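The values are calculated or read from the model by the stated rules, or taken from the named source; none is laboratory data. Small disclaimer: the values here were computed from a predicted structure and weren't measured. All Cβ positions, even for glycine, are placed from backbone atoms using ideal geometry, and neighbour counts span all protein chains on display.
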Amino acid sequence: MTQSHSPLVDMRNMSIAFGGNKAVNDVSIDLYPGEVVGLLGHNGAGKSTLIKILSGAYRMSRGEIRIDGQPVSIDNPREAKALGIETIYQTLALADNLDAASNLFLGREIRTRWNTLDDAAMESACRQVMGRLNPNFKRFKDPVKSLSGGQRQSVAIARALYFNARILIMDEPTAALGPEETAQVAELIKHLKSEGIGIFLISHDIHDVFDLSDRVSVMKNGQLVGTAEVSQVTKDDVLGMIILGKCPEGVVPGPGASPTENTLEEGPLAMP
Ligand SMILES: Nc1ncnc2c1ncn2[C@@H]1O[C@H](COP(=O)(O)OP(=O)(O)O)[C@@H](O)[C@H]1O
Ligand SMILES: [Mg+2]
């Protein structure tokens, strides 16, 4: 892919601490339009905390966020949404008893000029955006609790798309799904990519993200181990980054990378 434009998202030297715990420590990650960046690392590595800064849920203590090259301040979720940043949490945050259209417009309903809910307009908009994402979806009248996990996921994504998401954050999107539904989510992600949306795909499991990602960024103990082009590394290379903090050749190590054998032998940290 071409990366000649400025990144959609550029997070630089991001840090946040809870008490004495440096949950995110000097992490720099970027994302280009139409790109999927897999954010990987063990539970507790700091992945969710990092993206909660981007989605306006947490405020960073140090760092800078640029959107389209422009420095921005994101102080709450509303400001993130105004910048086109939408987050899909594992729980999906859907209202189970309501149908797809009601979920799409929850809290942002379309009203008629008499200030009543414009159900026809909402259903028509819902059919249009769902048609883009999941053309086989027909269950517009059913409460979302009766839908499959993959269908529920597409309702949550439709909500983000309808409100003009350009940057989608998906935190462990397939953690609760079976293989068939996971495949559906993979299709959704490919479709979003083709529309030029940039996606942060977060997982503790490399198998969830490796094949879908253009690049992977690995975090360990709050720090960035490194960022690799998926086409340049193997799954084992990335596992080495996750487990040992070890960067394969060709990957620029971040502050969280373990020193290589070479530096251990020859560097100032060498043991006698
Ligand atoms: N609201 C919070 N208050 C205190 N500690 C937190 C909070 N959120 C996250 N942490 C801590 O930050 C670290 C990173 O957590 P998290 O970002 O959830 O990791 P991951 O998503 O990679 O599993 C953990 O040590 C976690 O306990
Ligand atoms: Mg998490």
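Details
- Of all residues assigned to the range 94-109, none qualifies as being out of contact with any helix residue (DSSP H, G or I) (no Cβ under 9 Å at 6 or more places or on another chain) and of a type in the set (D, E).
- Positions within the range 146-176 being exposed (fewer than 15 other Cβ atoms within 10 Å of the Cβ) and within 16 Å of ligand 1 (Cβ to nearest atom), in sequence order: A175, A176
- Test: L94 is more than 24 Å from K190 (Cβ to Cβ), away from ligand 2 (no atom under 16 Å from the Cβ) and part of a loop (DSSP other than H, G, I, E, B): no
- Residues satisfying the stated conditions in the range 1-43, i.e. more than 16 Å from ligand 2 (Cβ to nearest atom), small (G, A, S) and touching a strand residue (DSSP E or B) at 6+ places or on another chain (Cβ under 9 Å): S6, S15, A17, S28, G34
- Scanning the range 213-244 for residues that are among the small types (G, A, S), surrounded by 15 or more Cβ atoms within 10 Å (Cβ to Cβ) and farther than 19 Å from I53 by Cα gives S213, G226, A228, G240.
- Set V27, V37: member being within 14 Å of ligand 1 (Cβ to nearest atom) and assigned to a strand (DSSP E or B): V27
- Filtering the range 112-145 to residues that are of a type outside the set (D, E, K, R) and exposed (fewer than 12 other Cβ atoms within 10 Å of the Cβ) leaves T112, W114, N115, T116, A120, Q128, P135, N136.
- Of all the criteria given as (1) closer than 25 Å to L201 by Cβ; (2) among the aliphatic types (A, V, I, L, M); (3) surrounded by 15 or more Cβ atoms within 10 Å (Cβ to Cβ), the one not satisfied by L98 is (1).
- Among the residues listed as E64, E79, E86, the single one being in contact with a helix residue (DSSP H, G or I) (Cβ under 6 Å, 6 or more places away or on another chain), away from ligand 1 (no atom under 16 Å from the Cβ), not β-branched (V, I, T) and not in a loop (DSSP other than H, G, I, E, B): E86
- Test: residue in the range 220-234 that is in a loop (DSSP other than H, G, I, E, B), assigned by TED's automatic domain parsing to the domain that holds L50, within 14 Å of the chain's Cα centre (by Cα) and touching a residue at least 40 places away in the same chain (Cβ under 8 Å): no
- Residues of the range 172-203 that turn out to be farther than 30 Å from S124 by Cβ and modelled with pLDDT of 90 or more, as a count: 4
- Residue match in the range 44-55 (condition: away from ligand 2 (no atom under 16 Å from the Cβ) and of a type in the set (A, V, I, L, M, F, W, C)): no
- Scope the range 40-60; condition of a type in the set (G, A, S) and within 7 Å of ligand 1 (Cβ to nearest atom); matching residues: G41, G44, A45, G46, S48
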